[in-house]
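J.: So that we are looking at the same thing, I have put the structure below in structure tokens.
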Amino acid sequence: MKNQSLKFLQKSKKHLLETWMSNQMEDQALREDLMSNDELRNQSDELLTALLKTLNSDNIDNTQSKDFEQVSGILSDISVSRARHGFSPRETAQFVLSLKQALTQTLEKEYTDDPKVLLDSYIAINKLIDSLNIITFETFIKGREEVIIRQTDEMNEISTPVIRVWEGVVALPIIGTLDSMRTQIVMENLLQEIVNTGSTIAILDISGVPAVDSLVAQHLLKTVSATRLMGAECIISGIRPEIAQTIVHLGIDLSHIKTKASLASALKLAFSMLNVEVKRVEKNRQNNG
Amino acid sequence: MIVMTKESLQILKEQDVILFRNRVKEFATKIGMSLLNQTKLITAASELVRNMLKYANGGVVILEIIGKDRVTGIRLTFTDKGPGIADIRLAMKDGYSTGKSLGLGLPGAKRLVNEFDIKSEVGKGTTVTIIRWKNGI
Ligand SMILES: Nc1ncnc2c1ncn2[C@@H]1O[C@H](COP(=O)(O)OP(=O)(O)OP(=O)(O)O)[C@@H](O)[C@H]1O
Ligand SMILES: [Mg+2]
């Protein structure tokens, strides 16, 4: 792109901003609920100013160069913040794409009589905006991933409730995959609850764990040891038939741990360990006395 | 042997493991594998993919639905460019671990599938291939 047309663009900043803004306003999908017009104008102004200041005929081909650090930075911030605020990919892409329109429209008006300059500038601007668009996309997705990771963390926190099922007995149903991080949370919650309630028996129910591989097994074993160190006994329940067979083939030894097929049978075992008896009482007698 | 479906997945971080396991489950469900065999396959796959992450910083898994003599099955190929294994016979022993772990991953995975093949070159990487037939024991 020739210096001459670049200079012209730099001079027309005000006009460019207005054209770009009105292009963005035209877009039906504009999300006023997510961002005010003033905010949009500030973002657009900031990016355009930085871009026009950066551009020269040498670097326009190479957005990877150091010159573009500021522009990339601003663009990345905008995309990430849009991802966090729930903008769609389309809305986010539209932001940069409508700038392309504004640039070409402005050049078109100036160089109607000079098709050679016009074509030359067109090609350069297309290339430029395409690479800016790639930056937008990459960072938008990064922003979404951050959101997902944050949600996963939140889910980890809330998905390990410790339930007090009886005086002296706590139960912890584990649902989903037990990775290292979750195990840590599970273990902490369980040990804390044992202290809080003064329980002597903890039931770890794994009905909701899809597969027990050696890592999960190791996590379970660690939890059992930690529980014992607290002076409580641990029962693992909810071992489904296919899990039992898999554990055996894998070669994991759980023989020194109390295991039960169901939560109900684990509770029964807990009662007998506490010398508690649960009896069915006949209705008549109950009414009378 | 014919390949009916083929797909590859990159494993670079812990989160990829869950995604990968779900994909294996989808493949196994698609061919009507029993719950027991599914669980065995997924557990073996889980071991191998964890080794890949732990010892080789990740790698690629190829998932395939294959057919042979009118029997269908799932073949998984784990390839990494990690340090490789110097003594495969030792690594396949129950309880052998350089990672302060149970040392059951490789031998356990072998017991959980119908076919197991491991190739490794020190400094180059490791490739493990497993097959679980739909109705294999
Ligand atoms: N992909 C690999 N690349 C390099 N070395 C490996 C790889 N897979 C396994 N090994 C080596 O083989 C050993 C045995 O592996 P195996 O999976 O049986 O046990 P582990 O991973 O140490 O423990 P576990 O799987 O029971 O938690 C490992 O300790 C490691 O030294
Ligand atoms: Mg292992």
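J.: Starting from the Cα of A:Lys268, draw a straight line to each of the lysines and keep only those under 29 Å, dropping any in the same chain fewer than 8 residues away.
T.: Answer for A:Lys268, where 29 Å is the Cα cut-off: A:Lys222, A:Lys258, A:Lys260, A:Lys279, A:Lys283, listed by chain and number.
J.: Follow-up. Kindly provide the trypsin sites (Lys or Arg not before Pro) of the stretch A:198-289 that DSSP labels as loop, not H, G, I, E or B, and whose Cβ sees at most 13 other Cβ atoms within 10 Å.
T.: Values: sites: A:Lys222, A:Arg228, A:Lys258, A:Lys260, A:Lys268, A:Lys279, A:Arg280, A:Lys283, A:Arg285; in loops: A:Lys279, A:Arg280.
Hits after loop and neighbour filter: A:Lys279, A:Arg280.
J.: Debye calculation, C-alpha points only, no solvent: report log10 I(q)/I(0) for chain B at q = 0.15, 0.17, 0.19, 0.21 Å⁻¹, in the same order as the q values.
T.: For the requested q values the scattering log ratios are -0.68, -0.88, -1.09, -1.30.
J.: So, one more: Considering Cα pairs under 8 angstrom that are at least six residues apart, work out the relative contact order of chain A and quote it in whole percent.
T.: The normalised contact order for chain A reaches 14 percent.
J.: Okay, next question. Normalising by the residue count of the stretch A:3-156, find the relative contact order in percent from Cα pairs under 8 Å and 6+ residues apart.
T.: Result for the stretch A:3-156 is 32 percent.
J.: Could I ask something else about it? Counting only protein heavy atoms and a 1.4 Å probe, tell me what percentage of the protein assembly as shown's accessible area is made up of carbon and sulfur.
T.: Of the solvent-accessible surface of the protein assembly as shown, carbon and sulfur hold 53 percent.
J.: Let me ask something additional. Using the heavy atoms of the protein chains and a 1.4 angstrom probe, tell me the accessible area per residue for the stretch B:1-91 in square angstrom. Working shown, then result.
T.: Numbers: 4570 Å² over 91 residues.
Value returned for the stretch B:1-91: 50 Å² of accessible area per residue.
J.: Please tell me the relative contact order of the stretch A:163-273 in percent, rounded to the nearest whole number, where contacts are Cα pairs under 8 Å and at least six residues apart.
T.: Rounded, it is 27 percent for the stretch A:163-273.
J.: With every protein chain left in place, what is the accessible area per residue of chain A in square angstrom, probe 1.4 Å?
T.: Each residue of chain A exposes 55 Å² on average to a 1.4 Å probe.
J.: Oh, and also: Given the options A:Glu277, A:Glu188, A:Glu145, which has the most mean-square fluctuation in a GNM of chain A, springs set between C-alpha atoms less than 10 angstrom apart?
T.: Residue with maximal mean-square fluctuation among A:Glu277, A:Glu188, A:Glu145: A:Glu277.
J.: Rounded to the nearest 100 Å², what is the sum over both chains of accessible area buried where A meets B, with a probe of 1.4 Å?
T.: Numbers: alone 16730 and 7930 Å², together 22910 Å².
About 1700 Å² of accessible surface is lost on pairing.
J.: Same structure again: Let me confirm the definition first: pairs of Lys residues in the stretch A:1-67, 8 or more apart or on different chains, C-alpha distance under 16 Å. How many are there?
T.: Final tally of qualifying lysine pairs is 7.
J.: Straight-line reach only, C-alpha to C-alpha below 26 angstrom: list the lysines that B:Lys119 could link to, leaving out same-chain residues fewer than 8 apart.
T.: Result set, ordered by chain and number: B:Lys6, B:Lys13, B:Lys25, B:Lys40, B:Lys54, B:Lys68, B:Lys81, B:Lys93, B:Lys100, B:Lys110, B:Lys134.
J.: Sticking with this one: Compute a Gaussian network model of chain B, connecting alpha carbons closer than 10 Å, and tell me which residue from B:Arg50, B:Arg21, B:Arg89 fluctuates the most.
T.: B:Arg89
J.: Here's a follow-up. Using the Cα centre as the reference, give the magnitude of the dipole from point charges on the C-beta atoms of the stretch B:1-76 (Lys, Arg: +1; Asp, Glu: -1; all else neutral), rounded to the nearest 20 debye.
T.: 100 debye
J.: For the stretch B:36-49, what does the Karplus curve 6.51 cos²θ - 1.76 cosθ + 1.60, with θ = phi - 60°, yield as ³J(HN,Hα) per residue in whole Hz, taken in order and with x for Gly and Pro?
T.: In residue order, the calculated couplings are 5, 5, 4, 4, 5, 4, 5, 5, 4, 4, 4, 4, 5, 6 Hz.
J.: May I ask for the net charge around A:Tyr111, where only other residues with Cβ less than 12 Å from the Cβ of A:Tyr111 are counted and Lys, Arg are +1 while Asp, Glu are -1?
T.: -2
J.: Additional query: Could you check the simple spin-label distance between A:Lys127 and A:Asn196, using points 7 Å along Cα→Cβ, in nm with one decimal?
T.: My value for the distance between the label points is 6.3 nm.
J.: Treating the angle as unsigned and between 0 and 90°, give the value, to the nearest 10°, between the Cα long axis of helix A:180-197 and the longest Cα principal axis of chain A.
T.: On a 0 to 90 degree scale, this one is about 50.
J.: Do any residues of the stretch A:236-255 show a loss of at least 30 square angstrom of accessible area between the isolated chain and the full protein assembly, using a 1.4 Å probe, and if so which?
T.: By number: A:Glu242, A:Gln245, A:Thr246, A:His249, A:Leu250.
J.: Mind checking which of A:Ile252, A:Ile185, A:Ile135 has the largest fluctuation in a GNM of chain A, springs on alpha carbons under 10 Å?
T.: A:Ile252
J.: So which residues of the stretch B:5-30 lose at least 10 Å² of accessible area, probe 1.4 Å, when you go from the chain by itself to every protein chain present?
T.: For the stretch B:5-30, once contacts with the other chains are taken into account, B:Glu14, B:Gln15, B:Ile18, B:Arg21 lose 10 Å² or more.
J.: Using amide H atoms built 1.01 Å from N in the peptide plane, name the residues 5+ places from B:Thr72, or on other chains, whose amide H lies under 5 Å from its own.
T.: Under 5 Å from the amide H of B:Thr72: B:Lys134.
The values are calculated or read from the model by the stated rules, or taken from the named source; none is laboratory data. Remember, predicted model here, so these are calculated numbers, not experimental data. Using ideal geometry, Cβ is built from the backbone for each residue, glycine included, and neighbour counts are taken over all protein chains shown. For accessibility, only protein heavy atoms count, side chains too; no ligands or nucleic acids. Shrake-Rupley method; radii C 1.70, N 1.55, O 1.52, S 1.80 Å.
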